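K.L.:
Below are the structure tokens for one structure; questions will follow.
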Amino acid sequence: ATSFAAAAQIDVASRKYRYYLVLCGARCKLAGAAGGRCLLPHLVRESIFMSRLNEKPANPARCHSGFTTIELVVVIVMMGILAAVVAPRMDLLTGFDERGFHDQLKASLQYARKAAVAARHPVCVGITSGAGTAAKVAFSIDPVDPDSVVTINCTMALVLPAPPRGCVAGSVCAPSGVTLGLGSGSASSFAFGALGRPVDMSKTAVGTVTFTIAGSGAFTLAVQSETGMVQ
């Protein structure tokens, strides 16, 4: 489109200059008849200039910009090399699984504590250490009046607000590549009492329970012994 516009402009200019030459020629004839001078050299220069403008280029293809076939092939080959070598090393999900599991487990522990306080029934927490989906934290509730029993016996799965995928009801499972463990001295099972504090099955207070979550990164969670707060 650009080349056609340029050609049109040149054609218009050529017509104007030709009209100008005709007028100048007529003036030269009149000047000669009157004994004056005629500016023939100037007219010759103008005619030469216009003839060069009207000349077509030897190679019209050079007037169009673009890529050659060789350039396109080189670019495609380079893109293929980058896709095969560089892309696999760009792990954009590194650390996301660990952080996601950490946040999900923290929210579930906080919900279990609040449920125990609101219902005034113990909510049990059972931890299975390990790697991948084999590692999980199960939540269940004791439906029996806690004042009428001495030992906590949780037989009903706690319905979590956001059921996790690929895990049984009332449980939170670790994703693939993530390891769940317990800190030194932490109990593998405990219950949130009616006051929200962690206790064992005989309603005796337990120490702080620490969860360790490891993968490409490391995170920890702690259930405080005095308050049951999850941090």
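The values are calculated or read from the model by the stated rules, or taken from the named source; none is laboratory data. Since this is a predicted model, take the numbers as computed values, not measurements. With ideal geometry, Cβ positions are generated from the backbone for all residues, glycine too; neighbour counts draw on all protein chains shown.
K.L.:
Can you name the strands (runs of 3 or more DSSP E) wholly within segment 135-231 that have at least 1 residues being basic (Lys, Arg) and buried (at least 18 other Cβ atoms within 10 Å of the Cβ)?
P.N.:
Hits in segment 135-231: 136-141.
K.L.:
Okay, next question. Looking at (1) modelled with pLDDT under 80; (2) under 13 Å from Ser171 (Cα atoms), which is the one condition that is false for Gln104?
P.N.:
Evaluating Gln104 over (1) modelled with pLDDT under 80; (2) under 13 Å from Ser171 (Cα atoms) leaves (1) as the failure.
K.L.:
Quick test for you: out of Cys173, Cys154, pick the one residue that is of a type outside the set (Ser, Thr, Tyr), within 16 Å of Tyr111 (Cβ to Cβ) and in contact with a Pro (Cβ under 8 Å, 6 or more places away or on another chain).
P.N.:
Cys154
K.L.:
Can you tell me how many residues within segment 111-134 are farther than 26 Å from Glu98 by Cβ and not in a helix (DSSP H, G or I)?
P.N.:
3
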